[in-house]
Amino acid sequence: MTLDEILGSLFPEGHHVDIGESILIGGAKLPQAGQLHVLGVHVKSFLGVEDACALARHAVDVLASGDGQPILLLVDSASQRMTRRDEMLGLNEYLAHLAKTLILAGIRGHRVIALLYGGSAAGAFIATALAADTLIALPGAHPEVMDLPSMARVTKLPITVLEEKAKATPIFAPGLDNLAQTGAVFETWSPDVPLDAQLREVLARPAVAGSRDALGAQRKGRPKAAAIAARIVELAQRSA
């Protein structure tokens with residue numbers, strides 16, 4: 001689905017989303033569910049300092065409004081923009097700031113739902129889609145925290161070794177099916193069903209950010225994280 005088709009299916013009564021060269025910011029009314037804030041990255045853009053700052057500024061404005069309305073984050077990006085200029089300006093801090101504003105919005109009572117309809121990778125993926133309390137995808141979306149060639153350069157392992165590990169362990173593997181198996185992607189929507197109805201169903205459920213590890217264990221893609229986290233909490237409570 002194109003961005004225009006997605007917005008039309010999400011908001012059949014119209015929207016006021018300003019679509020820029022690489023990011024989008026605005027709002028819309030969801031039938032039978034009220035107003036939502038909308039922001040995101042599109043056209044497979046590389047997320048740089050200026051765009052990360054603009055998205056974070058909008059998230060801060062939402063927090064300042066105190067309206068409690070949900071935030072819908074639409075994502076179709078490349079990775080972060082790894083130019084010398086962006087790196088020297090501290091791109092990692094801008095991405096971290098963006099992620100923290102979205103997480104804080106969730107803590108302050110705003111549902112933060114990311115809809116991944118294209119690609120996203122590396123720091124841009126972490127600072128947007130994974131910072132939401134619930135990550136939804138459309139068929140054909142391709143998320144990756146790190147692609148296998150990059151992983152081979154970092155780990156110094158042959159890419160053939162990583163390819164074999166990726167077949168057995170979703171943690172090592174990019175792609176929608178693997179990220180869903182680890183619990184990072186909550187569910188994949190059907191493009192044949194109006195998206196507004198599917199969004200209302202998600203909004204009617206509690207946020208799932210804290211249960212991604214449990215979902216990963218249930219789906220057998222991340223079998224140890226939930227048990228380890230529970231043990232850490234138990235030990236911390238004993239020593240408190």
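Quick look at the numbers
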{"item": "Meets criteria (hydrophobic (A, V, I, L, M, F, W, C) and in a strand (DSSP E or B)) for Ala114", "result": "yes"}
{"item": "Answer residue from region 13-25, given it is loosely packed, with under 15 Cβ neighbours inside 10 Å and either charged (D, E, K, R) or touching a residue at least 40 places away in the same chain (Cβ under 8 Å) (or both) and is nearest to Ala197 (Cα to Cα) among those", "result": "Glu13"}
{"item": "Single condition Lys100 does not satisfy, out of (1) assigned to a helix (DSSP H, G or I); (2) at pLDDT below 95", "result": "(2)"}
{"item": "Filter pass, Ser150 being under 22 Å from the mean Cα position of the chain (by Cα), of a type outside the set (A, V, I, L, M, F, W, C), over 27 Å from Val112 (Cβ atoms) and part of a helix (DSSP H, G or I)", "result": "yes"}
{"item": "Residue match in region 154-175 (condition: under 14 Å from the mean Cα position of the chain (by Cα), of a type outside the set (Ser, Thr, Tyr) and at pLDDT below 95)", "result": "yes"}
{"item": "Verdict on Val60 being modelled with pLDDT of 95 or more and either polar (S, T, N, Q) or within 14 Å of the chain's Cα centre (by Cα) (or both)", "result": "no"}
{"item": "Residue that is touching a strand residue (DSSP E or B) at 6+ places or on another chain (Cβ under 9 Å) and crowded, with 22+ Cβ neighbours inside 10 Å, where the choices are Ala28, Ala105", "result": "Ala105"}
{"item": "Failed criterion for Ser77 (all others in (1) over 18 Å from Asp133 (Cβ atoms); (2) at pLDDT below 95 hold)", "result": "(2)"}
{"item": "Test: residue in region 202-225 that is assigned to a helix (DSSP H, G or I), modelled with pLDDT of 95 or more and among the basic types (Lys, Arg)", "result": "no"}
{"item": "The one condition in (1) within 30 Å of Ala197 (Cα to Cα); (2) of a type outside the set (S, T, N, Q); (3) touching a residue at least 40 places away in the same chain (Cβ under 8 Å) that Val145 fails to fulfil", "result": "(3)"}
{"item": "Residues satisfying the stated conditions in region 31-43, i.e. over 16 Å from Ala56 (Cα atoms) and either surrounded by 22 or more Cβ atoms within 10 Å (Cβ to Cβ) or charged (D, E, K, R) (or both)", "result": "Leu36"}
{"item": "Pairs where the first residue, in region 181-194, is on the phi > 0 side of the Ramachandran plot and the second is crowded, with 22+ Cβ neighbours inside 10 Å, C-beta under 6 Å, 6+ apart", "result": "Gly183/Gly216"}
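A quick yes/no check of all residues on (1) touching a strand residue (DSSP E or B) at 6+ places or on another chain (Cβ under 8 Å); (2) hydrophobic (A, V, I, L, M, F, W, C):
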{"site": "Pro174", "(1), (2)": "yes, no"}
{"site": "Ala184", "(1), (2)": "yes, yes"}
{"site": "Asp192", "(1), (2)": "no, no"}
{"site": "Ala204", "(1), (2)": "no, yes"}
{"site": "Ser211", "(1), (2)": "no, no"}
{"site": "Ser239", "(1), (2)": "no, no"}
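Yes or no, residue by residue, for (1) farther than 24 Å from Leu10 by Cα; (2) surrounded by 14 or more Cβ atoms within 10 Å (Cβ to Cβ); (3) of a type in the set (Lys, Arg):
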| site | (1), (2), (3) |
| --- | --- |
| Ala168 | yes, no, no |
| Ala173 | yes, yes, no |
| Thr188 | no, yes, no |
| Leu195 | no, yes, no |
| Glu201 | no, no, no |
| Arg219 | yes, yes, yes |
| Ala230 | yes, no, no |
| Leu235 | yes, no, no |
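The values are calculated or read from the model by the stated rules, or taken from the named source; none is laboratory data. All values reported here derive from a predicted model rather than from experimental measurement. Note that each Cβ is placed from the backbone with ideal geometry, even for glycine, and that neighbours are counted across all protein chains shown.
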